[in-house]
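Single-structure report; data block below.
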Amino acid sequence: MSNFSFNTLQNSIYEIYYDTPEYINKIIICQSIIRKYICNKNNIFYCLKSKQITENFINEISGFHLIHNNPITKSTWEYININIIKSTYELTYSAKGQHLSGKDLTFNNWNISNKTCKCKNNNNISISSYRLTKVCDIKNHGISQNIINEINNRNKSFEYYSILLRKELNNIITYYWCIIPENYYIFNVNKYNLICKYNKQNKVIGWQSKYYNIIFSMSSQLWFNFNFDDIKKYIVQSIDININNKLLTYADINKLINL
């Protein structure tokens, strides 16, 4: 009888407490926190805006310019990009400077293609990609759908562009790190018509679409063209660098290490 009374009382307390709006509200809050954590953990934009990544980005870019006045180009950006993320995320693939189309690195299950570019005074941007001589050139102009298919096939290996964009004004270089989805409209070759491009003599010199073109005289190089406003929402980090002539030499660095 005493056991029955105890169990009955225990169940009554359980029902009274766990069915209260206050407790239910706590459960909802906990679920919300867990969902947000899982969502953020798999969100590349959130992850690359973290305090640690910001610190790494600033230190890597600033460190490069302790010994260099020239802007960071793609081959250098690949190594800097790795240094920025490797202390926080596991790097599972790196192209190691190979000039191949497709992904350049993989971390946290994100496949990345690295690019660098300069923003012009009118905020227009052009990014060079790979050559398409297999499907079009000055002798064989190719077929638009075949060209589009070739681009789509080459881009299957990655989901995001990691672009280091720069603006130069006097002795200041402003760098913007952008993470842009590969299928974003400025890179989506399926979205707009691809037509032949003619010169003044009415000869075909390449192919032209709204945001990209192919130039036969440049070994059928693929170029994407857009404006800073098209991508500014994808900026995850930025930094201003003051370029001056007071640079460290390799000997200076060696001395600092051996102090």
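Descriptive notes on the structure:
- When Ile215, Ile231 are screened for being touching a residue at least 60 places away in the same chain (Cβ under 8 Å), at negative phi and either crowded, with 17+ Cβ neighbours inside 10 Å or not assigned by TED's automatic domain parsing to the domain that holds Thr116 (or both), only Ile231 passes.
- Given (1) at pLDDT below 95; (2) outside any loop (DSSP other than H, G, I, E, B); (3) under 28 Å from Phe107 (Cα atoms), number of the condition Cys30 does not satisfy: (3)
- Among residues of segment 139-150 that are closer than 12 Å to Trp207 by Cβ, those with a Cβ under 6 angstrom from a residue that is part of a loop (DSSP other than H, G, I, E, B), sequence gap 6+ or separate chain, pair up as Gly142/Val135; Gly142/Cys136; Ser144/Leu194; Asn146/Val135; Ile147/Val135; Ile147/Cys136; Ile148/Val189; Glu150/Val135.
- Of the strands (runs of 3 or more DSSP E) lying entirely inside segment 87-172, those carrying at least 3 residues that are crowded, with 18+ Cβ neighbours inside 10 Å are 105-107, 110-118, 124-131, 160-169.
- Residues of segment 189-206 that turn out to be part of a loop (DSSP other than H, G, I, E, B) and surrounded by fewer than 17 Cβ atoms within 10 Å (Cβ to Cβ), as a count: 9
- Output for segment 53-70, where each listed residue is touching a Ser or Thr at 6+ places or on another chain (Cβ under 8 Å) and outside any helix (DSSP H, G or I): Ile67
- Single unsatisfied condition, Glu182 versus (1) touching a helix residue (DSSP H, G or I) at 6+ places or on another chain (Cβ under 6 Å); (2) acidic (Asp, Glu); (3) more than 29 Å from Trp110 (Cβ to Cβ): (3)
- Selection within segment 173-185 - β-branched (Val, Ile, Thr), farther than 14 Å from Ser113 by Cβ and surrounded by 19 or more Cβ atoms within 10 Å (Cβ to Cβ): Ile173
- Test set (1) at pLDDT 95 or above; (2) at negative phi - Ser101 fails condition number: (1)
- Residue check for Ile179: within 30 Å of Phe57 (Cβ to Cβ), at pLDDT 95 or above and assigned by TED's automatic domain parsing to the domain that holds Asp229: yes
- Within the set Ile241, Ile257, the sole residue that is out of contact with any Gly (no Cβ under 7 Å at 6 or more places or on another chain) and surrounded by 12 or more Cβ atoms within 10 Å (Cβ to Cβ) turns out to be Ile241.
- Qualifying residue in segment 140-158 (condition: under 28 Å from Asn59 (Cα atoms) and either in the same structural domain as Asn59 (by TED's automatic domain parsing) or within 13 Å of the chain's Cα centre (by Cα) (or both)): yes
- A search for C-beta distances below 9 Å between a residue of segment 123-135 that is of a type in the set (Phe, Trp, Tyr) and any residue that is surrounded by 15 or more Cβ atoms within 10 Å (Cβ to Cβ), counting only pairs 6+ apart in sequence or on different chains, returns Tyr130/Ser101; Tyr130/Gly102; Tyr130/Ile151; Tyr130/Arg154; Tyr130/Gln221; Tyr130/Leu222.
- Test for Ile58: is it touching a Cys at 6+ places or on another chain (Cβ under 8 Å) and within 18 Å of Leu165 (Cα to Cα): no
The values are calculated or read from the model by the stated rules, or taken from the named source; none is laboratory data. Small disclaimer: the values here were computed from a predicted structure and weren't measured. Because the Cβ atoms are built from the backbone with ideal geometry, glycine has one as well, and the counts that use them run over all protein chains shown.
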